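Here is the structure we will look at, set down as structure tokens.
The values are calculated or read from the model by the stated rules, or taken from the named source; none is laboratory data. Predicted, not measured: the structure shown is a model, and the values here were computed from it. Here Cβ is always computed from backbone atoms with ideal geometry, including for glycine, and neighbour counts include all displayed protein chains.
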Amino acid sequence: MATFDKVTGKPVKQEKPVVTAKKDVAPVVTAKPVEPPVEKPTQSSQAGSPVFKVQIGSFKNDLMSTAFRKAKAKISKQMTVERYSDSKNNVIYTVGALAIYAEAVKLREQMVSEGVKDAFIAAYLDGARIKVNEAIKLAGGK
């Protein structure tokens, strides 16, 4: 539909609105932290299910050896190292939270290859430490 100038009565040429296209902006992609495949798929958060962890160190009053500090720093780049104290004021370091014992064995072997020669598997049920054999039975022999 044409519009007319109110004073002259002549048709007024209408300009089309200028549409500016947004420049193509690359989508922002955030990198996810890389985790070892042995740790993540089998994490168990169900109450009443045993969890296998690999204990990599235990120190009275958290007095770590130099060798352990180096190994822990290296391991921390690959996965989460948990730290907690027990009732005797020992500071304990563990990795993993696995529902399947066989995968805990693989993780222990990996820790030994990283320089933690005395790494071993510990089992927990609802946050309390239990015997590994008991945990294996509770996990259905896995």
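Any residue at all in the range 71-84 that is part of a loop (DSSP other than H, G, I, E, B), at pLDDT 85 or above and over 13 Å from the mean Cα position of the chain (by Cα)? Working first, answer last.
First pass over the range 71-84, keeping only residues part of a loop (DSSP other than H, G, I, E, B): 77-80.
After this cut, where a residue has to be at pLDDT 85 or above as well, the list is 77-80.
Next cut, over 13 Å from the mean Cα position of the chain (by Cα) only: none.
No, the range 71-84 has no match at all.
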Residues that are among the aliphatic types (A, V, I, L, M) and more than 19 Å from the chain's Cα centre (by Cα), drawn from the range 49-70: LEU63, MET64, ALA67
Does THR80 qualify as being surrounded by fewer than 17 Cβ atoms within 10 Å (Cβ to Cβ) and of a type in the set (S, T, N, Q)? yes
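Kindly evaluate LYS117 against the criterion of being without any contact (Cβ under 8 Å) to a residue 12 or more places away in the chain, part of a helix (DSSP H, G or I) and charged (D, E, K, R). Walk me through how you get there before you give the answer.
Values: without any contact (Cβ under 8 Å) to a residue 12 or more places away in the chain: yes; part of a helix (DSSP H, G or I): no; charged (D, E, K, R): yes.
No, not satisfied.
Does at least one position in the range 107-121 carry a residue that is of a type in the set (Lys, Arg), modelled with pLDDT under 95 and either surrounded by fewer than 19 Cβ atoms within 10 Å (Cβ to Cβ) or over 26 Å from MET64 (Cβ atoms) (or both)?
Initially, the range 107-121 is screened for residues of a type in the set (Lys, Arg), giving 108, 117.
Now drop any that are not modelled with pLDDT under 95, which leaves 117.
Subsequent filtering for residues that are either surrounded by fewer than 19 Cβ atoms within 10 Å (Cβ to Cβ) or over 26 Å from MET64 (Cβ atoms) (or both) retains 117.
Yes: one or more hits.
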Could you please let me know if ARG108 is within 19 Å of the chain's Cα centre (by Cα), assigned to a strand (DSSP E or B) and of a type in the set (D, E, K, R)? no
